[in-house]
Structure formats: structure tokens, C-alpha cells
Amino acid sequence: MDTGVVTQGEEKPIANWTDRSPPEWEAYVNKEVTVTADEKNKYQGWVATIDPVSASVVLVNLEDKTSVRIVMGHAVQKVEILKEADEATKQKLINMFNLQESSRTYNKQDLDAKKLNLKSWLQKNNIPVSEQGESMRTLCVAGVLTIDPPYGPENCNSTNEIILSRIQGLIQGYMTSQ
């Protein structure tokens, strides 16, 4: 079975890069590659991920100054694998996009303090907020938005995009002022 993976030295064009499946793209993740795009532009870097909707390739350069480049899927003509990532490089790629706040672990007392501080700040700003759920760990704003632990902007959920955006902005401002 031809997976379409091009190894070093092979010059195999990718006829339908955007038509490939996620398992086929996964063969490129954590590998150093050279991507040839339209107009013969070449980009080299480590594949952090490939977007399954657009087939865009996220390349990371870990040299002196770390940089990220996205090569749009429709422009990809050829991808050549140069080498596999060692464990240290894999960890750098995995950790690169993890937010510090979400990777930090909190104990119950820290989470309770964050919840109470955010709740009282929201109430001081005349924003109706209550606690909900079995363990009362989720904050509910005006009955249309929830905030889960660890109570950051990325932990907000709502089907109302306007309210979601505004509350996330408020929480971000609150966190910055702390």
C-alpha cells in the first residue's frame, strides 16, 4: 500500500495532498520536512500538526529563534521527509503550543480561591454569576455562559458568541491586573 510518504532522496509529487486522510498526514508529524509549495517555494521545518480541514501544514523551526510557518494545504505540491524527531524534539513540539496556564496543575484550595476571586470580581462589576454542577465547581454567568476550572478565558463556554467574546475579554483583563 502506498502511503504517499516521501522519504529523503525521493522525488514523489503529491497529486492530491488535500484529498489525503488524517492517518496519512499523521505519518509526517514530528518529522523534519521540506515542503514544496506552489511557485516552487520551499519551506523546511518540523511538522507540528496538519489541519484536517484545510490540509495546511504547521512547520516549526527550532533554530536560534523559534518560528512557526503555516503552508496552506491547497498550495502543497511535495513533502519530503528529512529525518525523524528525537524524544527531546518531540517534547519541544508538543509543549510549544501548550499554554502555561492550562499545563499547570492546581490543588483544590487554589481552584477554590480562583473561583471565589473571579466570582466576587464579576459580581462587583454587576455581572450575574452563580455556581452550578454537582460539586459547584462551574461558574454560570447570566444563565448563558459557563466557566470551568481553572477559570481562565479559554475555559468559557457559550453558544452566544458575543457574550462569550466579551466575558473572555473581561476575564483576560482581570487576570492581567492580578
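General remarks:
- Count Lys and Arg as plus one, Asp and Glu as minus one, and take only other residues whose Cβ is under 15 Å from that of HIS74; the net charge is then -2.
- Nearby aspartates and glutamates by direct alpha-carbon distance to LYS40 (threshold 16 angstrom, same-chain neighbours under 8 apart not counted): GLU11, GLU80
- Accessible surface of region 85-159, 1.4 Å probe, proportion on carbon and sulfur as whole %: 49 percent
- Its residue count N sets the reference 2.2 N^0.38 Å, and the alpha-carbon radius of gyration of region 20-73 equals 1.08 times that reference.
- Simple label model, 7 Å out from Cα along Cβ direction - ASP38 to GLU161, nm: 2.6 nm
- Helix axis angle, 87-96 relative to the chain longest principal axis, alpha carbon, degrees: 50 degrees
- Translational diffusion coefficient of region 66-169 (Stokes-Einstein, Kirkwood radius from Cα pairs, 25 °C, 0.890 mPa s): 144 µm²/s.
- Taking all protein chains into account, the per residue accessible area for the chain stands at 62 Å² (1.4 Å probe).
- Angle in degrees between helix 161-177 and the longest Cα principal axis of the chain, rounded to the nearest 10: 80 degrees
- Of LYS92/LYS119; LYS31/LYS114; LYS65/LYS90; LYS90/LYS115, those spanning more than 29 Å from alpha-carbon to alpha-carbon: LYS92/LYS119; LYS31/LYS114; LYS90/LYS115
- Cα-based values for region 139-178, radius of gyration first and Dmax second, are 9.4, 28 Å.
- Equivalent ellipsoid of the chain: semi-axes from √(5λ) of the C-alpha gyration tensor, largest first, are 43, 18, 14 Å.
- Our helix-only sum for the chain, with -39,500 (n - 2.57) per DSSP H run of n ≥ 4 divided by its residues, gives a mean residue ellipticity at 222 nm of -9000 deg cm²/dmol.
- DSSP loop GluC sites (Glu not before Pro) with at most 10 other Cβ within 10 Å excluded, longest remaining stretch of the chain: 64-133
- With 10 Å bins beginning at zero, the pair-distance distribution over Cα atoms of region 26-126 amounts to 14, 35, 20, 14, 14, 4 %.
The values are calculated or read from the model by the stated rules, or taken from the named source; none is laboratory data. The shown structure was predicted, so the numbers you read here are calculated from the model rather than taken from an experiment. Please note: Cβ atoms are built from the backbone with ideal geometry, for glycine as well, and neighbour counts cover all protein chains shown. For the accessible areas, the whole protein counts, side chains as well, though only heavy atoms, and no ligand, DNA or RNA atoms are used. Shrake-Rupley method; radii C 1.70, N 1.55, O 1.52, S 1.80 Å.
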